[in-house]
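A short write-up of the structure that comes next.
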Amino acid sequence: MKAWSIVGVLGCFVGLLSGIDFANAQVIPDGSLPTTVTSPNALNFTIDGGARSGGNLFHSFSQFSVPTGGSAVFNNAVDVQNIFARVTGGTASNIEGLIGANGTASLFLLNPSGILFGPNASLNLGGSFIGTTASSVKFADGTEFSAVNPSNPPLLTMSAPVGLQMGASAGGLQVQGQGHNLLHSRNLADPVIRDPQQKGLRVLPGQQLALIGNGIQLSGGALMAESGRAELGSVEAGMVELIPLPNNNQTTSQWQFNYLRASKLSDIRLSSAALVDVSGDPGGSVSLNGNGIYLQDSSIVLNQHRGRQVAGTIQVNADLLALSGALPNKDQSLILTENLGTSTGANITVSARQIIAQDGGEILSTTYQNGGRGGNITVNASESLQFFGVSPFDGTRFSGIGAPSFFGGGKGGDITIATRDFWAQNGAGVISRVLGGQGGGNIRINSETISLIGENPVISGNASIISSTFSGGDAGSIEIDTGRIFLQASGAISASTSGKGNAGSVTINARNSIEIDGSGVTLALPSRISTSGQLLPARFRQVFGLPAVPTGNGGNLFINAPSIKVSNQGFIAAENVGRGNAGSLKIQADEIILNNQGQIRTSTEVGQGGILQLNVRSLLLLRNNSLISARAGALGSGGNITIDSPIMVGLENSDIIANAVRGRGGNINVTRKV
């Protein structure tokens with residue numbers, strides 16, 4: 001059918017309006033379109049008329065606010081696909097009641113002066129909802145439906161919307177509420193139980209809920225789009241493009257929002273246990289786009305995936321992403337995907353200049369129960385990643401990035417990080433962990449610097465990049481490509497097993513230097529780079545229910561760096577204190593300096609010790625009780641030590657040892673090149 005357009009009728013339609021006390025009414029037409037509003041009382045409003053063009057219906061209001069306990073219902077024909085409702089009077093919309101429409105129509109509510117959704121606001125729509133403070137909606141045929149120039153007769157269209165134009169003084173969007181009550185069991189061992197009665201803005205399953213404005217605040221507010229799409233876009237200037245999405249249900253419309261033509265973004269702030277939730281069968285998709293995006297006070301972006309279909313995604317694009325603050329008896333601030341289905345869980349993709357997480361704030365992908373793989377986490381922070389500490393209410397909940405696989409779950413998702421500076425302190429960091437699942441995901445980090453400093457005072461953990469298996473399948477590998485690594489006060493890069501699964505491998509390429517300083521430790525182990533079958537502190541084992549002795553094999557460790565310095569009981573190790581074998585340890589460097597009880601070692605208690613191989617192009621220096629060793633316990637066999645270095649100096653109270661308590665000791669082969 002050929003597209004056609006109609007000219008809306010102006011003020012002559014004002015005389016058709018009936019049943020309204022204009023002095024007190026809160027839903028008031030502006031007379032620019034044939035919109036009529038009837039109200040049997042001061043609370044409820046029925047909206048008829050409007051100007052229709054094909055599947056689009058247009059309304060225009062001077063005011064649009066819904067009181068507490070009230071409603072504003074669009075009495076549209078059931079074959080209408082999209083309703084465009086603009087507010088032109090210059091005052092913000094205060095929505096304290098229900099907004100509804102007939103059939104499967106999607107609703108655009110357009111008020112450049114701002115929109116406030118109160119704690120009692122709700123939606124009753126068959127289609128999607130787009131709340132925006134844009135000045136106009138642009139359409140594919142070049143027409144524009146403007147909320148700031150309503151005096152000219154609008155040329156209305158049946159074509160599809162293609163953009164939201166933000167004006168010079170666009171208002172903000174606020175959603176208020178009482179917050180969520182989400183709280184995982186200790187250690188996140190069980191999926192979160194969602195509240196089906198959660199109050200907030202909710203669309204029907206599979207539909208889209210979008211807020212586009214100049215500044216978005218969710219203060220305890222909740223947005224819910226089960227198996228659908230949730231979009232938050234904070235734009236100060238420019239246009240947000242609308243790209244139609246394929247939809248098998250031709251009676252409803254959904255869009256992808258593109259911000260390439262938005263010249264300036266503004267902030268998004270979630271506080272007081274705010275919630276954005278697209279969980280369902282399957283899990284839906286979330287997109288957050290803003291300048292600064294702040295998740296505070298136990299606020300959560302959640303995608304809990306169930307079923308066999310493909311899960312959606314969580315995408316975050318910002319200059320600054322900050323996760324902080326935890327409230328009592330609630331989860332910490334999270335960007336969270338949970339996979340309870342048989343297919344792969346939702347992936348998380350974050351792009352920002354800087355990312356900061358503290359108080360247990362975390363980007364987290366988990367998998368449970370039915371064997372589906374966890375979603376992958378991809379983080380690109382062009383300037384820095386900064387992670388600090390743990391939750392003030394639960395020391396097992398660290399700040400950073402995590403991908404655990406729990407009992408009955410599939411393989412954990414992979415973690416991929418690209419940044420300039422990576423900083424983790426006091427128990428924060430990046431962890432891929434297997435707690436009964438089929439295996440751990442891999443960790444890949446590309447950076448200029450990595451600094452891991454300080455321990456977790458609650459459970460003897462540390463600032464770390466860790467791949468571990470406690471029970472279940474094998475741990476994933478760690479691959480790091482960086483300029484410089486600095487570890488202090490228990491900072492660690494580690495792939496380990498504390499159960500029957502095998503530890504993963506660790507590969508590190510450092511273009512400049514690696515420095516491991518073991519000083520400043522109170523409870524945890526000294527700073528280290530290791531692959532191990534490890535016996536964790538008793539308090540840690542008790543918290544996570546770990547066996548007394550691990551049975552899995554240790555992983556291999558390879559390090560390549562021009563300069564490696566290990567001091568103050570810091571160590572590099574491939575070892576196993578349990579029943580399995582130790583992995584091999586190979587290091588290539590221009591210089592290696594061990595000082596003040598610094599160590600490079602392989603060891604095993606029961607199994608076969610790994611090979612220790614050092615290829616040093618310039619200098620190998622051991623001082624002040626430092627040690628290179630390959631040891632075996634009473635039932636183990638020691639690995640061999642091979643050292644290829646032109647110069648070996650020092651050895652003041654230091655040693656190179658290969659021995660076994662009872663079994664076969666390894667050999668030592670030292671080559672000094674000219």
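The values are calculated or read from the model by the stated rules, or taken from the named source; none is laboratory data. Please read these numbers as outputs of a predicted model, since none were measured by experiment. Cβ placement follows ideal geometry from the backbone for every residue including glycine, while neighbour counts extend to all protein chains displayed.
Please tell me if P196 is farther than 22 Å from P112 by Cβ and either basic (K, R) or touching a Leu at 6+ places or on another chain (Cβ under 7 Å) (or both).
So P196 fails the test.
Just to be sure before I move on: is G126 surrounded by fewer than 24 Cβ atoms within 10 Å (Cβ to Cβ) and either β-branched (V, I, T) or within 32 Å of the chain's Cα centre (by Cα) (or both) in the structure I sent?
Considered against the rule, which asks whether it is surrounded by fewer than 24 Cβ atoms within 10 Å (Cβ to Cβ) and either β-branched (V, I, T) or within 32 Å of the chain's Cα centre (by Cα) (or both), G126 comes out as yes.
Looking at this structure, is L211 modelled with pLDDT under 95 and under 19 Å from I83 (Cβ atoms)? Can you show your working first?
Values: modelled with pLDDT under 95: no; under 19 Å from I83 (Cβ atoms): yes.
No.
For the stretch 445-474, how many residues meet the condition of being charged (D, E, K, R) and assigned to a loop (DSSP other than H, G, I, E, B)? Write out each step before concluding.
Of the stretch 445-474, the ones charged (D, E, K, R) are 448, 455, 474.
Okay, now just the ones that are also assigned to a loop (DSSP other than H, G, I, E, B), so 448.
The qualifying residues number 1.
Being of a type in the set (V, I, T) and under 16 Å from G127 (Cα atoms) is the filter; apply it to the stretch 67-107 and report the residue that is surrounded by the most Cβ atoms within 10 Å (Cβ to Cβ).
I99
How many residues are in a loop (DSSP other than H, G, I, E, B), within 19 Å of G666 (Cα to Cα) and either of a type in the set (D, E, K, R) or without any contact (Cβ under 8 Å) to a residue 24 or more places away in the chain (or both) if we restrict to the stretch 603-644?
1
If only one of V649, V566, V549 is part of a strand (DSSP E or B) and modelled with pLDDT under 95, which one is it?
Working: V566 fails: modelled with pLDDT under 95; V549 fails: part of a strand (DSSP E or B).
Every option except V649 fails the conditions.
Looking at R579, is it among the charged types (D, E, K, R) and not in a strand (DSSP E or B)? First the steps, then the outcome.
On the way: among the charged types (D, E, K, R): yes; not in a strand (DSSP E or B): yes.
So R579 passes the test.
Per-residue answers, yes or no, for (1) among the aliphatic types (A, V, I, L, M); (2) in a loop (DSSP other than H, G, I, E, B); (3) crowded, with 24+ Cβ neighbours inside 10 Å; (4) in contact with a Ser or Thr (Cβ under 6 Å, 6 or more places away or on another chain):
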| position | (1), (2), (3), (4) |
| --- | --- |
| K199 | no, yes, no, no |
| A210 | yes, no, yes, no |
| E231 | no, no, yes, yes |
| A237 | yes, no, no, yes |
| A262 | yes, yes, no, no |
| A273 | yes, yes, yes, yes |
| V286 | yes, no, yes, no |
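Has the stretch 425-437 got any residue that is part of a loop (DSSP other than H, G, I, E, B) and more than 21 Å from T337 (Cα to Cα)?
Yes: one or more hits.
Could we say that A510 is assigned to a loop (DSSP other than H, G, I, E, B), of a type in the set (G, A, S), on the phi < 0 side of the Ramachandran plot and under 28 Å from the mean Cα position of the chain (by Cα) here?
No, not satisfied.
Residues are listed down the side, and each one gets a yes or a no for (1) in contact with a strand residue (DSSP E or B) (Cβ under 8 Å, 6 or more places away or on another chain); (2) closer than 13 Å to V566 by Cα; (3) surrounded by fewer than 21 Cβ atoms within 10 Å (Cβ to Cβ); (4) at pLDDT below 95:
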| site | (1), (2), (3), (4) |
| --- | --- |
| D481 | yes, no, yes, no |
| F486 | yes, yes, yes, no |
| T497 | yes, no, no, yes |
| K500 | yes, no, yes, yes |
| I508 | yes, no, no, no |
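Sort through G413, G436, G429, G441 and tell me the only one that's within 18 Å of F387 (Cα to Cα) and in contact (Cβ under 8 Å) with a residue 24 or more places away in the chain.
Details: G413 fails: within 18 Å of F387 (Cα to Cα); G436 fails: within 18 Å of F387 (Cα to Cα); G441 fails: within 18 Å of F387 (Cα to Cα).
None of the others qualify; the one that does is G429.
Can you tell me which residues in the stretch 493-524 are closer than 21 Å to E591 by Cα and among the hydrophobic types (A, V, I, L, M, F, W, C)?
I493, V506, I508, A510, I514, I516, listed by residue number.
Could you tell me whether the stretch 420-427 includes any residue that is at pLDDT 95 or above, among the charged types (D, E, K, R), more than 16 Å from S464 (Cβ to Cβ) and surrounded by 22 or more Cβ atoms within 10 Å (Cβ to Cβ)?
no
Considering only residues that are polar (S, T, N, Q) and buried (at least 18 other Cβ atoms within 10 Å of the Cβ), which ones fall in the stretch 32-61?
Those that are polar (S, T, N, Q) and buried (at least 18 other Cβ atoms within 10 Å of the Cβ): S32, T35, T36, S39, N44, S53, N56, S60.
Which residue is nearest to T551 (Cα to Cα), if the candidates are limited to the stretch 569-579 and must be at pLDDT below 95 and crowded, with 23+ Cβ neighbours inside 10 Å?
The extreme case among them is G578.
Filter the stretch 604-613 for residues that are within 20 Å of L651 (Cβ to Cβ) and surrounded by fewer than 22 Cβ atoms within 10 Å (Cβ to Cβ) and give the result.
Q613 - this is the single residue of the stretch 604-613 that is within 20 Å of L651 (Cβ to Cβ) and surrounded by fewer than 22 Cβ atoms within 10 Å (Cβ to Cβ).
Please return the ranges of strands (runs of 3 or more DSSP E) entirely within the stretch 288-399 where 3 or more residues are crowded, with 24+ Cβ neighbours inside 10 Å.
Output list reads 300-305, 334-339, 347-358, 362-367, 377-388.
Looking for whichever is farther than 19 Å from G126 by Cα, polar (S, T, N, Q) and over 21 Å from the mean Cα position of the chain (by Cα) here; the options are S185, S253, S159, S234. Which one fits?
S159
Which of (1) at pLDDT 95 or above; (2) under 24 Å from T469 (Cβ atoms); (3) part of a loop (DSSP other than H, G, I, E, B) is the odd one out, the single condition K586 does not satisfy?
Among (1) at pLDDT 95 or above; (2) under 24 Å from T469 (Cβ atoms); (3) part of a loop (DSSP other than H, G, I, E, B), the lone unmet condition for K586 is (3).
Of all residues being assigned to a strand (DSSP E or B) and at pLDDT below 95 in the stretch 525-546, which is farthest from I587 (Cα to Cα)? Just the residue, please.
G533
For the stretch 483-503, how many residues meet the condition of being under 17 Å from P550 (Cβ atoms), among the hydroxyl-bearing types (S, T, Y) and part of a loop (DSSP other than H, G, I, E, B)?
Residues that pass the stated criteria total 1.
Would you confirm, using the coordinates I've provided, whether M166 is surrounded by fewer than 24 Cβ atoms within 10 Å (Cβ to Cβ), touching a residue at least 24 places away in the same chain (Cβ under 8 Å) and either among the hydrophobic types (A, V, I, L, M, F, W, C) or in contact with a helix residue (DSSP H, G or I) (Cβ under 6 Å, 6 or more places away or on another chain) (or both)?
The answer is no for M166.
Where residues in the stretch 628-646 are surrounded by fewer than 19 Cβ atoms within 10 Å (Cβ to Cβ) and out of contact with any Gly (no Cβ under 7 Å at 6 or more places or on another chain), which of them is modelled with the lowest pLDDT?
Only one residue fits best here, namely A634.
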